[in-house]
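The structure is given below, and queries will be raised subsequently.
The values are calculated or read from the model by the stated rules, or taken from the named source; none is laboratory data. Please read all numbers here as calculations on a predicted model, not as lab measurements. Here the Cβ positions follow ideal geometry from the backbone for every residue, glycine too, while neighbour counts run over all protein chains shown. Note: accessible area is taken over every heavy atom of the protein model, side chains too, but ligands, DNA and RNA are not part of it. Shrake-Rupley method; radii C 1.70, N 1.55, O 1.52, S 1.80 Å.
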Amino acid sequence: MRIPVESYHLPNGLHVVLSEDHTAPIVAVNLWYHVGSANERLERTGFAHLFEHMLFQGSANVEANEHFELVQRAGGTLNGSTWLDRTNYYETVPSHQIALALWLEADRMGRMLPGLTQQKLDTQRDVVKNERRWSVDNQPYGTWWERLPALCFPEQHPFHHSLIGSMEHLTDASLDDVADFFRTYYTPDNAVITVAGDFDRTEIIRLIEEYYGPIPRGAPRPPLRDMTVPPTFGDTRRTVVPDAVALPRLFVICRTPVFGSNGYYAASLAAAVLGLRTGCRLEQSLVRKQRIASQASAFTYDLAKGSDLLVVDATAHVDVTPEQLEGAVLAELDLMHEHGVTDAEVQRARALIETSFVTSMQSAAERADQLSRFATYFGDATLINEQVARYGATTTAAVSALARERLGPDNRALLMFVPTDEHPSAEHAEMAEAGV
């Protein structure tokens, strides 16, 4: 599989990636800004996620929510998402509507501030607060995805704080704060735009130059705070969270090599051996044989800076105690740490990962997103064509070595959710123990 890739930069710094494919009469536009929660000031968290909402609230030539209306009327789909170190916006439209999608993204990149009002900020701030209440604060286990990085990264680390932000910081955000954040990070020299699918190359290059060329380059951006952390935690750390849940749920996190490094592919395969699909170790041992867990999986965070994380996620079976769940999960990690993996396990894991990747590349939207990803993190979208080979070159010995180095008791952070009635006293709340 070789995906066609053409890349160039406009004079204002915008990185353009084109991938032409006439299989179906659709085209995907995907825009990545290299900004996420890691770029926020500690006293103004939640801005990156707030902007995911704000950029759909109109610009100089587009009314609030009109971005959605125009794309959907044209027969397209669209959305956006925010992560620790990037924000993306994307549309998939019929081929003849490509100019609309490109123009909409250009108008909010170059002319968002004239459409910014206090009313829009207040409205979207309330939307984000409600999203936090619904998806985090009032959701069983809902705080896991902000507790997990807080447990794994030091307090001053850019990945430590919550992606969605605190209620207090969202309340304190002023219109000037929001405008300054936009001017700093939502600029062409901090963005990658990818167009993938059925388009005419000459016409696309002309449209991109017309719509994006006049947008000025941004001012220098403040550097990220130090991302460096040791390769391992140095001990086993634990946080226990009493929650309104029916069953204990355990996350075990290990620091692993960053996305794109040789060690990352070994960690990705190790996670697949542990917890990908029904043939994995956790499913076979904990769910099917021992009936300790009702579900168990493992995955990597795919972080390209500082340190990546390998995460095991297991929910207890009915009548299984937190101690039994923890013991069973750690026993599986100990087994891999001490004895490594087999050739058959690595071959299975590699086949699953490669099949999923190749299948996803049939989607213009997914192809555009992955091209933007490699262009943003590494400045080279053609790396998409090396992924299958990188997994193929990762040996069983390399996966076993990764397990020995990174999955042991000196590199584990445990986040355990327990039913509230099992830990009724306040002294147990958010109990953290090191060296256990």
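With a 1.4 Å probe and every protein chain left in place, work out the accessible area per residue of region 63-201 in Å², rounded to a whole number. Please list the in-between numbers first.
Details: 5630 Å² over 139 residues.
On a per-residue basis, region 63-201 sits at 40 Å².
Per 0.36 nm of contour for each residue apart, how much would the distance between GLN362 and ARG277 grow if the chain were fully extended, relative to their Cα-Cα spacing?
Values: separation 85, 0.36 × 85 = 30.60 nm, distance 2.13 nm.
Between GLN362 and ARG277, full extension yields an extra 28.5 nm.
For LYS129, go through the lysines and keep the ones whose alpha-carbon is under 22 Å away, minus same-chain ones fewer than eight residues off.
LYS120
Hey, another quick one. In nm, give the distance between the simple-model label positions of SER95 and PHE378, each being 7 Å from the Cα along the Cα-to-Cβ direction.
3.0
Note the angle between two axes, namely the Cα long axis of helix 396-406 and the longest principal axis of the Cα atoms of the chain, as a number of degrees from 0 to 90, rounded to the nearest 10.
80
Can you give the convex hull volume per residue for the Cα atoms of region 79-151, as a whole number of Å³? Spell out each step's value before the answer.
Working: hull volume 10.4 nm³, N = 73.
Normalising the Cα hull of region 79-151 by residue number yields 142 Å³.
If you don't mind, another one. Would you mind calculating the relative contact order of region 244-349 from Cα pairs under 8 angstrom and at least 6 residues apart, reporting the percent as a whole number?
Values: 181 pairs, mean separation 34.5, N = 106.
Across region 244-349, relative contact order equals 33 percent.
I would also like to ask the following. Considering just Cα atoms, how many Å³ per residue does the convex hull of region 64-213 enclose? Mind dumping the intermediate values first?
Values: hull volume 22.3 nm³, N = 150.
With only Cα atoms used, region 64-213 gives 149 Å³ per residue.
Would you mind checking the radius of gyration and Dmax of the chain based on alpha-carbon positions, in Å?
22.8, 68
As I understand it, the value is the acute angle between the Cα axis of helix 322-339 and the longest principal axis of the Cα atoms of the chain; what does it come to in degrees, rounded to 10?
Result, in degrees: 80.
Based on a Kirkwood Rh over C-alpha pairs, give the Stokes-Einstein translational diffusion coefficient of region 198-320 at 37 °C and viscosity 0.692 mPa s in µm²/s. Don't skip to the end; give the middle numbers.
Values: Rh = 18.3 Å.
In µm²/s, the coefficient is 179.
Report the full-extension gain for the segment LEU335 to VAL127: residue separation times 0.36 nm, less the Cα-Cα distance, to one decimal in nm. Could the numbers behind the result be given before it?
Numbers: separation 208, 0.36 × 208 = 74.88 nm, distance 4.58 nm.
Result for the pair: 70.3 nm of gain on full extension.
Write down the accessible area per residue of region 281-436 in Å², having rolled a 1.4 Å probe over the full set of protein chains.
On the way: 6740 Å² over 156 residues.
That works out to 43 Å² per residue.
Along region 113-126, what does the Karplus equation 6.51 cos²θ - 1.76 cosθ + 1.60 (θ = phi - 60°) give for ³J(HN,Hα), rounded to whole Hz, x for Gly and Pro?
Couplings: 4, x, x, 7, 10, 4, 4, 5, 4, 4, 5, 6, 4, 5 Hz.
Report the relative contact order of the chain, percent, no decimals, based on alpha-carbon pairs under 8 angstrom and at least 6 residues apart. Don't skip to the answer; put the middle values down first.
Details: 855 pairs, mean separation 96.4, N = 436.
RCO, the chain: 22 percent.
On the first, second and third principal axes, largest extent first, how far apart are the outermost C-alpha atoms of region 22-99 in Å?
That works out to 46, 29, 15 Å along the principal axes.
How big is the Rg/Rh ratio for region 56-104, C-alpha atoms only, Rh by Kirkwood, two decimals?
Working: Rg = 11.3 Å, Rh = 11.4 Å.
Using Cα coordinates only, the ratio equals 0.99.
Also, I was wondering about something else. For region 229-346, with all protein chains present and a 1.4 Å probe, just round the carbon and sulfur fraction of the accessible area to a whole percent. If you can, show how the numbers build up before the last one.
Numbers: 2150 of 4200 Å².
Carbon and sulfur: 51 percent of the exposed surface of region 229-346.
Between ALA60 and THR228, what is the FRET efficiency for a Förster distance of 41 Å, r being their Cβ-Cβ separation, to the nearest 0.05? Before the final figure, lay out each step's value.
On the way: r = 41 Å, r/R0 = 1.01.
For ALA60 and THR228, the calculated efficiency is 0.50.
Further question on the same structure: What is the packing order of peptides 285-294, 104-113, taking the mean over residues of other C-beta atoms within 10 Å and listing the highest first? Please list the in-between numbers first.
Details: 285-294: 17.6, 104-113: 20.9.
Highest to lowest by the protection proxy: 104-113, 285-294.
Just subtract the alpha-carbon distance of ALA219 and ARG390 from 0.36 nm times their residue separation and send over the number in nm, one decimal.
57.9 nm
Still on this model: Tell me, what HN-Hα J-couplings in whole Hz come from the Karplus equation 6.51 cos²θ - 1.76 cosθ + 1.60 at θ = phi - 60° for each residue of region 163-176, using x for Gly and Pro?
Rounded to whole hertz, the list is 5, 6, x, 8, 4, 4, 5, 5, 5, 7, 5, 9, 4, 5.
Same structure again: Divide, for region 281-436, the radius of gyration over alpha carbons by 2.2 N^0.38 Å, where N is the residue count.
Details: Rg = 18.8 Å, N = 156, 2.2 N^0.38 = 15.0 Å.
Rounded to two decimals, the normalised Rg is 1.26.
OK, next. Restricting to bridges with both residues inside the chain, how much of the DSSP beta-bridge set is antiparallel, in percent to the nearest 5? Let's see the in-between values first.
Values: 50 of 65 bridges.
Here the share of antiparallel DSSP bridges comes out near 75 percent.
Give the long-range amide H neighbours of ASP243: residues separated by 5 or more places, or on another chain, with amide H under 5 Å away, using H modelled in the peptide plane at 1.01 Å from N.
VAL418, THR420
Something else now. May I ask for the angle, rounded to the nearest 10°, between helix 201-212 and the longest principal axis of the chain, with both axes built from Cα atoms and the value confined to 0 to 90°?
Approximately 90 degrees, to the nearest ten.
Further question: So, with a 1.4 angstrom probe, what is the percent of accessible area on region 128-218 that is carbon and sulfur?
Values: 1950 of 3880 Å².
The nonpolar share, carbon plus sulfur, comes to 50 percent.
Can you tell me, using C-alpha contacts under 8 Å and at least 6 residues apart, the relative contact order of region 23-155 as a whole percent? Walk me through the numbers before you get to the answer.
Working: 168 pairs, mean separation 37.7, N = 133.
Relative contact order for region 23-155 comes out at 28 percent.
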